[in-house]
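Peer 1: Below is a structure I'd like to ask you about.
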Amino acid sequence: MNNVITQNILRLFFFVLVQGVVLQQAKLGGTFFNYISLFIYPLFLLLLPLKISKIALVLTGFGLGMLVDGAYNSPGVHTAACLVVAILRPLVLAILEPREGYNVSLGLTIKSYGVLWFLKYAGVLLFIHLLVYFVLEIFTPVYAIEIIGRTIASFLFSLFLMIMYMVIARPSV
Amino acid sequence: MRNLVLLFLRFGHFILFILLEIFCLYLIVNYNRKQRDIWANSANIFWGYSSEKWNDWTNYLSLQDKMDELALENAKLKEKLINYELSPIVEKDTLQTLNQQYELLSAKVASNTTDRPNNYLTINKGIKDGVRKDMGVISENGIVGIIREVRNDYAAVNSLLHRRTFISAMIKRTGAFGELKWVGTNPQIVNLGSIEKHNIVAVGDTIVTSGYSTHFPPGLMIGTIASTELPSGNNFHNIKVRLSNDFGTLRYVEIVKNRKQTQQLELEKEIKEK
């Protein structure tokens with residue numbers, strides 16, 4: 001049990017640090033195609049234990065968003081997206097539940113439920129997260145095309161980054 | 001109380017989510033420069049647009065009243081103009097109102113036809129407004145017809161497009177006068193008969209009321225000559241007049257009350273009987 005909490009706290013600081021220091025500066029598309037933003041920190045919410053209460057999940061999402069917003073100096077933008085992911089996570093988990101059900105002792109990882117399941121789980125929530133984020137970041141329907149373009153481009157690269165993390169770090173909880 | 005606690009246990013996370021999202025939106029539009037500018041701008045546009053639409057709508061609702069008002073005002077003005085033109089020069093400044101022969105009353109068209117052989121209009125003024133049989137009806141573009149039947153609140157008008165409506169008309173330029181008659185086909189064309197062949201008639205000449213009948217004051221616009229021919233062996237021109245009034249779009253009309261109508265009619269009747 002202690003192991004789970006320590007793991008998550010460490011992961012929180014790692015993700016926020018990587019996001020704030022490295023990924024914020026990364027300009028993958030160069031100055032001409034500034035559509036790709038890399039997001040790793042939503043993965044923290046996805047990897048929280050299955051049995052976490054809904055209220056705790058919302059509060060954790062709020063805290064995570066605030067930390068990232070502190071790094072980005074954009075009060076509220078990342079937080080709003082994190083809250084949406086936190087409120088939708090139980091719903092998505094219920095929809096994607098495997099036939100034999102979830103195993104409470106296992107983490108929500110590739111190792112536990114397979115790559116395909118994890119791709120669906122992370123894909124849905126990451127896409128929603130990015131969409132909310134870019135809507136609030138760009139904040140005008142005038143650039144609707146840009147919102148969608150940035151969401152899709154960032155989605156593909158961020159999802160790849162998350163899978164890389166899962167493969168390399170092999171978290172079990 | 002217990003229900004409230006249960007409700008919160010059940011939906012607490014969702015309520016919390018809503019509250020935190022509102023807080024986030026508050027942060028976004030207050031502490032992010034770009035979003036704040038966009039927000040302020042959009043709010044301006046939204047409120048400006050809404051109040052404009054609201055004004056349009058309320059204006060639209062009062063449009064009917066305004067139109068009635070304007071029609072009334074129009075009738076009054078036209079009444080003055082007609083009487084002014086009629087009164088002899090000496091009377092013009094002082095005794096005008098006492099001598100006023102014609103009075104105009106504005107009315108709304110309740111129903112109207114143009115596609116029958118004999119067309120009628122119904123208007124929303126009747127006996128209680130002082131409307132009587134045989135009064136003339138005009139609109140801003142020209143004459144409309146003659147009152148045929150009157151009830152308490154409504155009156156039926158024999159439109160100019162009625163084969164039994166005869167109106168005395170004259171060619172404005174020469175003063176030659178004849179009788180207007182509709183043949184029952186084209187609602188824009190009427191025939192002008194009884195213009196003798198020694199009169200010079202040209203396409204485009206203006207046709208106005210002659211003032212010899214008691215229905216209309218003289219000089220009211222009727223239309224212009226569309227075509228004319230003089231069949232050989234005929235004493236009269238065959239003139240077609242294009243009406244200035246579009247009978248299909250009539251909404252407001254004015255009833256002409258001629259105060260001296262009875263006098264004139266009685267006199268004419270007396271002469272005929274002798």
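Peer 1: Only one of (1) touching a strand residue (DSSP E or B) at 6+ places or on another chain (Cβ under 9 Å); (2) within 30 Å of B:Met67 (Cα to Cα) fails for B:Phe166. Which number is that?
Peer 2: With respect to (1) touching a strand residue (DSSP E or B) at 6+ places or on another chain (Cβ under 9 Å); (2) within 30 Å of B:Met67 (Cα to Cα), B:Phe166 is out only on (2).
Peer 1: Still on this structure, please answer the following. Give the number of residues within segment B:167-213 that are closer than 20 Å to B:Asp134 by Cα and not hydrophobic (A, V, I, L, M, F, W, C).
Peer 2: Residues flagged as closer than 20 Å to B:Asp134 by Cα and not hydrophobic (A, V, I, L, M, F, W, C) within segment B:167-213 amount to 9.
Peer 1: Evaluate the following for A:Leu59: is it under 19 Å from A:Ala122 (Cα atoms) and in contact with a helix residue (DSSP H, G or I) (Cβ under 9 Å, 6 or more places away or on another chain)?
Peer 2: Answer is no for this residue.
Peer 1: Look through B:Ile82, B:Ile15 and report the one residue that is in a helix (DSSP H, G or I) and at pLDDT below 85.
Peer 2: Going through B:Ile82, B:Ile15 in turn, just one is in a helix (DSSP H, G or I) and at pLDDT below 85: B:Ile82.
Peer 1: If you take the residues in segment A:69-83 that are more than 7 Å from every other protein chain (Cβ to nearest Cβ) and crowded, with 21+ Cβ neighbours inside 10 Å, which one is nearest to A:Ile128 (Cα to Cα)?
Peer 2: The residue in question is A:Ala81.
Peer 1: State which residue is nearest to A:Asn34 (Cα to Cα) when the search covers only segment A:114-145 and only residues that are free of Cβ contacts under 8 Å to residues at least 12 places away in the same chain and not aliphatic (A, V, I, L, M).
Peer 2: A:Tyr143
Peer 1: Here is a follow-up. Looking at segment B:112-152, what strands (runs of 3 or more DSSP E) fall wholly within it and have at least 3 residues that are aliphatic (A, V, I, L, M) and in contact (Cβ under 8 Å) with a residue 12 or more places away in the chain?
Peer 2: Fully inside segment B:112-152 and qualifying: B:142-150.
Peer 1: Being more than 7 Å from chain A (Cβ to nearest Cβ) and either over 58 Å from the mean Cα position of the chain (by Cα) or outside any helix (DSSP H, G or I) (or both) is true for just one of B:Leu7, B:Leu20. Which residue is that?
Peer 2: Within the list B:Leu7, B:Leu20, the selection yields B:Leu7.
Yes/no per residue for (1) closer than 29 Å to B:Lys80 by Cα; (2) crowded, with 19+ Cβ neighbours inside 10 Å:
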residue: B:Ala156; (1), (2): yes, yes
residue: B:Met170; (1), (2): yes, yes
residue: B:Gly184; (1), (2): no, no
residue: B:Glu196; (1), (2): no, no
residue: B:Ala202; (1), (2): no, no
residue: B:Gly219; (1), (2): yes, no
residue: B:Thr228; (1), (2): no, no
residue: B:Phe236; (1), (2): no, no
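Peer 1: If A:Val84 satisfies every condition in (1) assigned to a helix (DSSP H, G or I); (2) without any contact (Cβ under 8 Å) to a residue 40 or more places away in the chain but one, which is the exception?
Peer 2: Among (1) assigned to a helix (DSSP H, G or I); (2) without any contact (Cβ under 8 Å) to a residue 40 or more places away in the chain, A:Val84 violates only (2).
Peer 1: Still on this structure, please answer the following. Can you tell which of A:Leu130, A:Leu93 is over 24 Å from A:Phe14 (Cα atoms) and within 15 Å of the chain's Cα centre (by Cα)?
Peer 2: A:Leu93
Peer 1: Going by the structure shown, is B:Ala202 assigned to a loop (DSSP other than H, G, I, E, B) and either modelled with pLDDT of 85 or more or closer than 29 Å to B:Asp115 by Cα (or both)?
Peer 2: In short, yes.
Peer 1: Here's another thing I want to ask about it. Quick one: would you say B:Lys34 is without any contact (Cβ under 8 Å) to a residue 12 or more places away in the chain, within 8 Å of chain A (Cβ to nearest Cβ) and either out of contact with any Gly (no Cβ under 7 Å at 6 or more places or on another chain) or not in a helix (DSSP H, G or I) (or both)?
Peer 2: yes
The values are calculated or read from the model by the stated rules, or taken from the named source; none is laboratory data. For clarity, every value in this text was computed on a predicted model and none was experimentally measured. Cβ coordinates were reconstructed from backbone atoms using ideal geometry, including for glycine residues, and neighbour counts include every protein chain displayed.
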